[in-house]
Amino acid sequence: MSSSSSFFVTNYPLISAFTAFAIAQSIKFFTSWYKERRWDFKQFVASGGMPSSHSAMVVALATAVGLQEGFGGAIFATAFVLASIVMYDATGVRLHSGRQAEVLNQIICELPAEHPLAESRPLRERLGHTSPQVIAGGMLGAITAAVGHLLVLATGGW
């Protein structure tokens with residue numbers, strides 16, 4: 001195996017981040033099926049919803065970096081700041097953009113048929129997250145990284 005491909009297979013923080021993301025998206029997929037009783041494969045890549053997969057990913061990354069490299073270093077600080085920005089953005093800008101899209105879609109629905117925008121494609125409304133969704137994603141990320149760390153310790157590495 002080449003060094004670049006083994007990097008992806010043996011990089012515990014990277015694996016933790018993508019595992020947390022995959023788990024969060026899978027939870028959305030199965031929750032959607034449970035609620036709607038139909039398979040919606042778009043849930044595997046959709047944004048918004050419970051839990052926040054972006055939050056899960058960045059918290060798993062920061063936690064894994066902290067566990068591997070120490071919580072006092074520059075690498076952890078960088079990962080922590082990145083996680084903070086992503087989580088703030090999810091509950092701020094992206095959440096409010098989604099709410100604005102809801103209002104705009106409602107306005108477009110009420111336009112007369114002859115209006116040039118009456119046939120506009122609806123805007124995506126599910127963009128951001130509520131605070132509980134971000135917190136749940138963060139908790140999922142931290143747990144994923146902690147379990148991964150225990151596996152690394154138990155097996156002596158990847």
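What about Ser47, is it farther than 15 Å from Gly148 by Cα, among the small types (Gly, Ala, Ser), out of contact with any Lys or Arg (no Cβ under 7 Å at 6 or more places or on another chain) and at pLDDT below 95? For Ser47, the condition - farther than 15 Å from Gly148 by Cα, among the small types (Gly, Ala, Ser), out of contact with any Lys or Arg (no Cβ under 7 Å at 6 or more places or on another chain) and at pLDDT below 95 - is not met.
Just one of Leu127, Leu150 is of a type outside the set (Asp, Glu), modelled with pLDDT under 95 and out of contact with any helix residue (DSSP H, G or I) (no Cβ under 8 Å at 6 or more places or on another chain); which is it? Walk me through it before giving the result.
On the way: Leu127 fails: out of contact with any helix residue (DSSP H, G or I) (no Cβ under 8 Å at 6 or more places or on another chain).
Answer to the selection: Leu150.
Residue by residue, here is whether (1) surrounded by 16 or more Cβ atoms within 10 Å (Cβ to Cβ); (2) in a helix (DSSP H, G or I); (3) modelled with pLDDT under 75; (4) not small (Gly, Ala, Ser) holds:
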{"residue": "Lys35", "(1), (2), (3), (4)": "no, yes, yes, yes"}
{"residue": "Ala56", "(1), (2), (3), (4)": "yes, yes, no, no"}
{"residue": "Val59", "(1), (2), (3), (4)": "yes, yes, no, yes"}
{"residue": "Ala64", "(1), (2), (3), (4)": "yes, yes, no, no"}
{"residue": "Phe71", "(1), (2), (3), (4)": "no, no, no, yes"}
{"residue": "Ala77", "(1), (2), (3), (4)": "no, yes, no, no"}
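The values are calculated or read from the model by the stated rules, or taken from the named source; none is laboratory data. As the structure is a computational prediction, the values presented were derived from the model and not from experiment. Cβ: placed from backbone, ideal geometry, glycine included. Neighbour counts: every protein chain shown.
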